[in-house]
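The values are calculated or read from the model by the stated rules, or taken from the named source; none is laboratory data. All values derive from a computational prediction rather than experimental measurement. Don't worry about glycine lacking a Cβ; one is built from the backbone with ideal geometry, like all the others, and counts go over all protein chains shown. Side chains are part of the model used for accessible areas, which takes the heavy atoms of the whole protein and leaves out ligands, DNA and RNA. Shrake-Rupley method; radii C 1.70, N 1.55, O 1.52, S 1.80 Å.
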Amino acid sequence: MDNQDLQQVAAEALAELESASDLPALTRWKGQWLGDKGKVRALIGNIRNLATDQRSAYGQAVNALKEQLEAALNEREAGLKQSALHHALASDTVDITLPGRPAEMGHMHVISRTIREVTSAFVQMGFQIWEGPEVEVDRYNFELLNIPAEHPARSMQDTFYISDQDKRGTGSLLLRTHTSPNQMRVMEQVKPPIRVVVPGRCYRAERTDATHEFYFYQMEALVVAEKVTLADLKGTLATFARLVFSPDAEVRFVCGYFSYVEPGVELMVRYTLPNGKRTNWLELLGAGMVHPNVLRNGGIDPDKYSGFAFGMGLERVALLKYGIDDIRHFYANDLRFLEQFG
Ligand code: FA5
């Protein structure tokens, strides 16, 4: 094999190297040409078959070939690595000018919002906010409010009972059917003048419809002082309607029966929605002048003090305020509904 043959071998090897298009192909090429059992090694082995005087020149030529191929391999390898890097960089590019994906923001539930609006209207009128337990004893929910056992007024509120007796033997435990037990809880703790509102959840074992849920929020109000009259009750509620609905809100009182007030009334409200539509009259609350027996049960002298109380349905406020047609939307957890009140 002479120099010309070696040049041909080099040309063949370089052509194959050129067509190796990735790093695994280069590794294969290296094994084939420069490996222990590769073609260059075989050429070196040929020295043994040559005449002594030819060996040196041949050896140098094969060595030169080997070095040429090694250099070509290194160059090709560097080139392939570089282009692999370029490719990776190009495909991983982040376009920092693209707008980001906004994180979903939650917001307050429409009823929580309504509770805040209503209570803050009463805070503006000088009321304090109180809280009371959702699990009540019969005594507070009914008896002290002039509703003894077997009284027909009990059937006005279907009750979820929890047990026949609480641990202290003070009667059955139940889920409060209204916020009115707080009238007694407040009177037991503070003396007149009293001006409080108590928002909270109530429960009734009743069939649901467009204006009734089996759990709902009420807000109780209790005002006790000297010379409080029905006119104060009317004035307070008219102010509330103007603050929470609109200055053109109309209120109407109709007779109502609640054994813990005398006289008893119910408040109906209607007003014009922001879209110009006038709502229907909706019953919002029961109210009245606190019954002397109830004042007495709370340790207050009915000859000296008088008071009014009311229990307002807070889902009803939201129904009216936003012109919603069915109370059951509030707790159905349908985002299409809830997201309208962000
Ligand atoms: C009462 O619960 C009385 N405790 C209110 C009261 C308080 C009267 C103080 C006098 C003095 P009534 O059952 O009518 O009354 O409920 C009062 C308001 O709660 C209703 O006007 C209505 O707005 C709301 N409400 C009652 N039941 C439901 C219900 N199932 N779903 C939604 N709202 C209700």
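Among the residues of the range 309-342, write down those that are within 11 Å of the ligand (Cβ to nearest atom) and either open to solvent by 60 Å² or more (accessible area, probe 1.4 Å) or of a type in the set (Gly, Ala, Ser) (or both). Ala309, Gly311, Gly313, Ala318, Arg328 - these are the residues of the range 309-342 that are within 11 Å of the ligand (Cβ to nearest atom) and either open to solvent by 60 Å² or more (accessible area, probe 1.4 Å) or of a type in the set (Gly, Ala, Ser) (or both).
Looking only at residues in the range 290-306 that are in contact (Cβ under 8 Å) with a residue 60 or more places away in the chain and not aliphatic (A, V, I, L, M), which one is most open to solvent (accessible area, probe 1.4 Å)? So the residue we want is Lys304. Taking the conditions exactly as written (away from the ligand (no atom under 14 Å from the Cβ), open to solvent by less than 30 Å² (accessible area, probe 1.4 Å) and touching a residue at least 12 places away in the same chain (Cβ under 8 Å)), does Ala221 satisfy them or not? In short, no.
For the condition more than 13 Å from the ligand (Cβ to nearest atom) and surrounded by 15 or more Cβ atoms within 10 Å (Cβ to Cβ), what is the one hit in Ala287, Ala241? From the options Ala287, Ala241, the qualifying one is Ala241. For the range 183-212, the set of residues classified as of a type in the set (S, T, N, Q) and more than 10 Å from the ligand (Cβ to nearest atom) consists of Gln189 only. Scanning the range 262-278 for residues that are within 27 Å of Ser180 (Cβ to Cβ) and touching a Phe, Trp or Tyr at 6+ places or on another chain (Cβ under 8 Å) turns up Gly264, Val265, Glu266, Leu267, Met268, Val269, Arg270, Tyr271.
When the range 244-266 is filtered for residues that are crowded, with 18+ Cβ neighbours inside 10 Å, under 22 Å from Glu117 (Cα atoms) and at pLDDT below 95, the ones remaining, listed by number, are Val244, Phe245, Ala249, Val251.
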